[in-house]
Protein chains: 2
Amino acid sequence: MSDNIIKPGILSGFMELLPEKQKIFDEMQGTLRDVFSSYGFFGLDTPVLERSAVLLAKGGGETEKQVYRFDRGDTDITMRYDLTVPLARYVAMHYSELSFPFKRYQIGKVYRGERSQKGRFREFYQCDIDIIGDGKLDVLNEAECPAVMASALKALGLKEFKIRLNNRKVLNGLFEIYGVSDKKTEMLRTIDKFEKIGRDNVIEELTGFGVEASKAGEILDLVTCAGSNSEIEAKLAGFAGKSEIFDEGVADLKKVAEALSASGVSEDNFGYDLSIARGLDYYTGTVYETQFLPDPSIGSICSGGRYDDLAGYFIDRPLPGVGMSIGLTRLFYILDAKGFFDETPAPPADVLLLPMTEDVSVALKSAAELRNAGISVQTYMEQKKFKKKMEYADKLHIPYTVFIGEDEIKEGKISVKNMTSGEQSMMTIAEAAELILNK
Amino acid sequence: MSDNIIKPGILSGFMELLPEKQKIFDEMQGTLRDVFSSYGFFGLDTPVLERSAVLLAKGGGETEKQVYRFDRGDTDITMRYDLTVPLARYVAMHYSELSFPFKRYQIGKVYRGERSQKGRFREFYQCDIDIIGDGKLDVLNEAECPAVMASALKALGLKEFKIRLNNRKVLNGLFEIYGVSDKKTEMLRTIDKFEKIGRDNVIEELTGFGVEASKAGEILDLVTCAGSNSEIEAKLAGFAGKSEIFDEGVADLKKVAEALSASGVSEDNFGYDLSIARGLDYYTGTVYETQFLPDPSIGSICSGGRYDDLAGYFIDRPLPGVGMSIGLTRLFYILDAKGFFDETPAPPADVLLLPMTEDVSVALKSAAELRNAGISVQTYMEQKKFKKKMEYADKLHIPYTVFIGEDEIKEGKISVKNMTSGEQSMMTIAEAAELILNK
C-alpha cells in the first residue's frame, strides 16, 4: 500500500451490507411498503435534517444527549432521531391540506449518536405507521395498527410472533381502584420494568412510592397474570364497576381484540399482557409490544400505542393518533445473526447472458427481448476465459446462463444452461422465457 | 396560537411533498429500482455519515465548502455529498468479497449545504448506476449505462430526451493533432462552457491559453458540428490516422453507438455531441449528458462517463468504471412545475370501505378478503355523517367505495360504488375484485 492511501472503513455503529444481503434487506423494505399500501396508508418522506427547535421541541432527557446536532451559519440543525416528531411537525404544518383520519407510513433512516454496542446502531431504519385523527379518532383504529403490523411481520416471513396488548386506561383505572393514582407515572415506569428487574424489586420500588406492600402485590398479581384472552378477561371482570376509566379500558381492550380477530389475525399472534406499560407518558389508550417467540430475549420487535396529542408543540388543536414502529435495521441484524437468511438466494439477475461472437448485436437484442418478457438479464462483456465467466455466474448464484454464438445466431435461437442441473439446450426466446419464469 | 407553540416549518432547500405527490415520487423511485434490477445491477445502501477523511479524500474545491461537516467526540464527520465517493470506499473496503465486473445502483439522499435557490436542493436524491471492473473493463459497458438510463427515463414516462455522447479520447486526440495537448484540462473546461458562454468567448479563452485563433476556430468547428451520427462520423473521418488516441476514441464512440442501437435505443434518444467535455478530470472515455428536449434550458438530467481510477485514494489497484446519475429530486421538481403530473391520480387505495353497522366484524373480514384479492383497501371507522365520508373518498380520489350494512351482511355480499360514474350495486367479493382490478 502506498503512503497516501486512506484506509477505507465506516464509522462504528453504522450498518453496511454486502450486495446479496442488501438485496434481502431491500426486499423486506419493499414488502413493508406493499403491506402498508394495501391498507391505504400514504408513504411519507421528510427531511433528515430539521431545525433543532423543531426536533427537540419536547426537550430534555436522553434524546437531547444522543442526537447529532450542529450549527450551519446561524442555523441550529439536528438529524432526526425518530419519525414521530417529524410526523407531528408535518401534520401541523400541512394540516389544512391533509384529509383526516390521516394514515401514513414512513420508512427512513434515523440517527442516534449513542454509545456503540453490538446490535445497537447509530443510523437505522424505522418503519412507522400512524393513523391521526382531527379532534377524535375511533378506538377501532387501535385494532387496525396491529392488524397491519401482523400482516407485515407475516409477509416478512416471521410467523412466530405475538403482539401483546394492554390499555393504559386499565392500568390507570387499577391505580384509581387502589387509591394510588397520584403516583401514576412512576408506577407505570416501574411496572414496565417487571420483566427486567423481577417481581420483588418492582414491589420494593412501588412501596417506595408509598403503596402498601399488600396492595402492590395485588396490583402486580393482576397485571402479570398469564392466560388466554378469555381467562384474562375473566380476571378483569372481577374489578368491574369500581372505576369508570378501568371499565372503559377493559371495553376498549375487548373491542380491539375482537376487531383483530375479525381482521384475520390469529390468537397465536396476539394476546393481552397487562404488564405492558411502555415508558412514555405520551400514550393514553392501547399500547403494544411484540415478542419474537423463538427468542423473546431480543425485546420487542414492534411497539407503539394510542396517544391523544400528537402535535401539541406545533399546533393548537388536538390530534389524537395511534402508531406502531418496527426497527428494521436491528431486526435484520438479529435475524441475520440467527441464520434466518442463510437459505435465501439473492442473485442480481435471473440470467447471465454471454455473447460468444465478436459482434454482440444479436446478443444485445436477445437481452432486451428477455427483459421485455419480464426476465432480469445481466450481460457479461469482458474478454475472459469461459471458465472465469461460469465462476462469476456461480459465485453470484445466477440460476441460468444464456449463450449466443454463431450456431445460435444462424438458428435464430439462444442456448440456455440451468446452472444447478447443468442441463443446456437451444431454444427460442419465448421458450426460454417460459422455462426461466416457471423455474 | 398559544405562546409555547413552535411554528412548524422545514429548513430552506429541503423538499417535502404532500402525500399524493410523494406517492408519485415513490413510484418513480420504484420504477428506477425495477429497471436497474432488470439489468442485473445490485442495489446498495451506504451510510449517510462517513469520516471526513474518507469522504473528502480528494479534497479541495467547492465540495469541501458545501458539505455538512461536524465533530462528534473526536470524530470528524461529513454527510455524503454524492454516491460516487461512498461507492469507491465500498468497493475498496469490500474488494475481496465482490465479484467483478461489479454492477450496482444506489438511490439515496445526498447533502450539499450550498446557497439555497429555486430548484436547487440541499438534500436530494441521486440515482446512480456504475459498472466497476477489476483492472480492465470492456468498452461495451460504456454502451450499457446509457442503455439502462434510456430504459429508465422511458419507464418514468419521459419520451423526449436525448443522451448526448462524446469521448474524451476524441477531444484529447484532437488537441494532440493541433499540438495543444499541454493545455488539455483547461481546454476541456473551456469547451464545456460552449453552450453557456458562446463561441466568441470560448475562442477568446482558448487563445488566452496560447492556442492560435485559427486553430481554436477549427477545433470548435469540429466539436460543435451538428448532424446525424453518420454525418458526424463522416466529419471525424477527415481527421483519421493523425493521432492514435483520436482514432481509438472514434472507434469507441462508434462501438458504443452500435451497441446502443442493438440494445433497442432509438436514434431519437441518443446522438453524438463532440462539445460535451464534462468538467471533471476524472473521466477518460465516453462522457454523457442528457437533454430534456421539451426544455433543454434545464440542463442535463442524466450525466456521467467512463473513468479509469475509481478508488485510487482507498486501494492500490486500478478499478476502472463507467457510471451515470439522475438527480431525481431536481428532475421531479422541474417536471412537477411544468404540470407533468397534473393528470396522475395518486389515491392511497383502490377502495374506501365503510361499515354501516355497529358490529364491524363482517366489514373487517371483507376488507381482508379484498386485500387478499390484490386490492388496496382503506377502512373508514369514524362516526361521521355519510356525506363527510363521501367527501373524504372524493378528496383523496379513491375510485371505489364499498358499503357493508344489514342487507349486505344478510345476502353475504358487498355494495360497490364507482365514485366517478356514481353507479352502485351489490355483488360478491369475487365479483367486486374483478370489477375493481379491471377498472
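Going by what's in this entry, would B:SER228 be described as polar (S, T, N, Q), away from chain A (no Cβ under 14 Å) and under 22 Å from B:GLY179 (Cα atoms)?
Values: polar (S, T, N, Q): yes; away from chain A (no Cβ under 14 Å): yes; under 22 Å from B:GLY179 (Cα atoms): no.
Spelling it out, it is not the case that B:SER228 is polar (S, T, N, Q), away from chain A (no Cβ under 14 Å) and under 22 Å from B:GLY179 (Cα atoms).
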>> Given the criterion farther than 21 Å from B:LEU44 by Cα, surrounded by fewer than 20 Cβ atoms within 10 Å (Cβ to Cβ) and more than 12 Å from chain A (Cβ to nearest Cβ), identify the matching residue among B:LYS136, B:LYS159.
In response: B:LYS159
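Can you tell me which residue among B:THR329, B:THR284 is crowded, with 20+ Cβ neighbours inside 10 Å, of a type in the set (Ser, Thr, Tyr) and not in a loop (DSSP other than H, G, I, E, B)? Write out each step before concluding.
Working: B:THR284 fails: crowded, with 20+ Cβ neighbours inside 10 Å.
Of the residues listed, the single one that is crowded, with 20+ Cβ neighbours inside 10 Å, of a type in the set (Ser, Thr, Tyr) and not in a loop (DSSP other than H, G, I, E, B) is B:THR329.
Mind checking which residues of region B:341-365 are without any contact (Cβ under 8 Å) to a residue 24 or more places away in the chain and surrounded by fewer than 23 Cβ atoms within 10 Å (Cβ to Cβ)? Please lay out each step first, then the result.
If we filter region B:341-365 for residues that are without any contact (Cβ under 8 Å) to a residue 24 or more places away in the chain, which is where we start, we get B:342-343, B:358-361, B:364-365.
Across region B:341-365, the qualifying residues are B:ASP342, B:GLU343, B:GLU358, B:ASP359, B:SER361, B:LYS365.
Given the criterion out of contact with any Lys or Arg (no Cβ under 8 Å at 6 or more places or on another chain) and modelled with pLDDT of 95 or more, identify the matching residue among B:GLU20, B:GLU50.
Working: B:GLU50 fails: out of contact with any Lys or Arg (no Cβ under 8 Å at 6 or more places or on another chain).
Within the list B:GLU20, B:GLU50, the selection yields B:GLU20.
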> If you take just the helices (runs of 4 or more DSSP H) that sit entirely in region A:119-216, which of them hold at least 2 residues that are in contact (Cβ under 8 Å) with a residue 24 or more places away in the chain?
Replying inline: A:141-155, A:168-177, A:184-192, A:194-197
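Just give me the residues in region A:217-230 being in a loop (DSSP other than H, G, I, E, B) and not polar (S, T, N, Q), in sequence order. Reasoning before the result, please.
Looking only at region A:217-230, we keep the residues that are in a loop (DSSP other than H, G, I, E, B), and these are A:224-228.
Answer for region A:217-230, where residues must be in a loop (DSSP other than H, G, I, E, B) and not polar (S, T, N, Q): A:CYS225, A:ALA226, A:GLY227.
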>> For region B:316-340, which positions are without any contact (Cβ under 8 Å) to a residue 40 or more places away in the chain and either of a type in the set (D, E, K, R) or not assigned by TED's automatic domain parsing to the domain that holds B:VAL110 (or both)?
In response: B:ASP316
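Can we say A:ASP82 is surrounded by fewer than 20 Cβ atoms within 10 Å (Cβ to Cβ), touching a helix residue (DSSP H, G or I) at 6+ places or on another chain (Cβ under 6 Å) and more than 10 Å from chain B (Cβ to nearest Cβ)?
Spelling it out, it is not the case that A:ASP82 is surrounded by fewer than 20 Cβ atoms within 10 Å (Cβ to Cβ), touching a helix residue (DSSP H, G or I) at 6+ places or on another chain (Cβ under 6 Å) and more than 10 Å from chain B (Cβ to nearest Cβ).
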> With respect to the numbered conditions (1) assigned to a helix (DSSP H, G or I); (2) touching a Leu at 6+ places or on another chain (Cβ under 9 Å), which one is the sole condition not fulfilled by A:PRO318?
Replying inline: (1)
> Quick one: B:CYS145 ticks every box in (1) modelled with pLDDT of 95 or more; (2) in contact with a Lys or Arg (Cβ under 8 Å, 6 or more places away or on another chain) bar one, so which box is it?
Replying inline: (2)
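Of all residues in region B:332-357, which are within 11 Å of chain A (Cβ to nearest Cβ) and in a loop (DSSP other than H, G, I, E, B)?
Within region B:332-357, the subset within 11 Å of chain A (Cβ to nearest Cβ) is B:346-353, B:355.
Of everything in region B:332-357, those that are within 11 Å of chain A (Cβ to nearest Cβ) and in a loop (DSSP other than H, G, I, E, B) turn out to be B:ALA346, B:PRO347, B:PRO348, B:ALA349, B:ASP350.
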>> I'd like to verify a number: residues in region A:23-39 that are at the interface with chain B (Cβ under 7 Å from one of its Cβ atoms) and either among the aromatic types (Phe, Trp, Tyr) or out of contact with any Lys or Arg (no Cβ under 6 Å at 6 or more places or on another chain) (or both), how many?
In response: 4
> Scanning region B:1-22 for residues that are more than 7 Å from chain A (Cβ to nearest Cβ) and not hydrophobic (A, V, I, L, M, F, W, C), which turns out surrounded by the most Cβ atoms within 10 Å (Cβ to Cβ)?
Replying inline: B:GLY13
> Would a scan of region A:210-232 turn up a residue that is at pLDDT 90 or above and touching a Gly at 6+ places or on another chain (Cβ under 7 Å)?
Replying inline: yes
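Would you point out which residue out of B:GLU50, B:GLU142, B:GLU114 is of a type outside the set (Val, Ile, Thr), within 12 Å of chain A (Cβ to nearest Cβ) and closer than 23 Å to A:PHE124 by Cβ? Quick ask: steps written out before the conclusion?
On the way: B:GLU142 fails: closer than 23 Å to A:PHE124 by Cβ; B:GLU114 fails: closer than 23 Å to A:PHE124 by Cβ.
That would be B:GLU50, the only listed residue that is of a type outside the set (Val, Ile, Thr), within 12 Å of chain A (Cβ to nearest Cβ) and closer than 23 Å to A:PHE124 by Cβ.
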> Conditions: (1) within 30 Å of B:ALA368 (Cα to Cα); (2) in contact with a Gly (Cβ under 7 Å, 6 or more places away or on another chain). A:ASP192 meets all but one. Number of the miss?
Replying inline: (1)
> All but one of (1) closer than 14 Å to A:ASN166 by Cβ; (2) crowded, with 18+ Cβ neighbours inside 10 Å; (3) of a type outside the set (Lys, Arg) hold for A:SER243; which doesn't?
Replying inline: (1)
>> Looking only at residues that are at the interface with chain A (Cβ under 8 Å from one of its Cβ atoms) and in a loop (DSSP other than H, G, I, E, B) in region B:56-73, which one is nearest to A:THR78 (Cα to Cα)?
In response: B:TYR68
>> assigned to a helix (DSSP H, G or I) and either within 11 Å of chain A (Cβ to nearest Cβ) or under 23 Å from A:GLY113 (Cβ atoms) (or both): is that true of B:ALA88 in this structure?
In response: yes
>> Please go through (1) under 18 Å from the mean Cα position of the chain (by Cα); (2) over 30 Å from A:ASP34 (Cβ atoms); (3) not assigned by TED's automatic domain parsing to the domain that holds B:PHE175 for B:TYR313 and return the number of the only condition it doesn't satisfy.
In response: (1)
> Looking only at region A:364-396, which residues are at the interface with another protein chain (Cβ under 8 Å from one of its Cβ atoms) and either in a helix (DSSP H, G or I) or at positive phi (or both)?
Replying inline: A:LEU364, A:LYS365, A:ALA367, A:ALA368, A:ARG371, A:TYR392, A:LYS395
> Within region A:251-274, is there a residue that is at pLDDT 90 or above, in a loop (DSSP other than H, G, I, E, B), among the charged types (D, E, K, R) and touching a strand residue (DSSP E or B) at 6+ places or on another chain (Cβ under 6 Å)?
Replying inline: yes
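The values are calculated or read from the model by the stated rules, or taken from the named source; none is laboratory data. All of these numbers come straight from a predicted model, not from anything done at the bench. Using ideal geometry, Cβ is built from the backbone for each residue, glycine included, and neighbour counts are taken over all protein chains shown.
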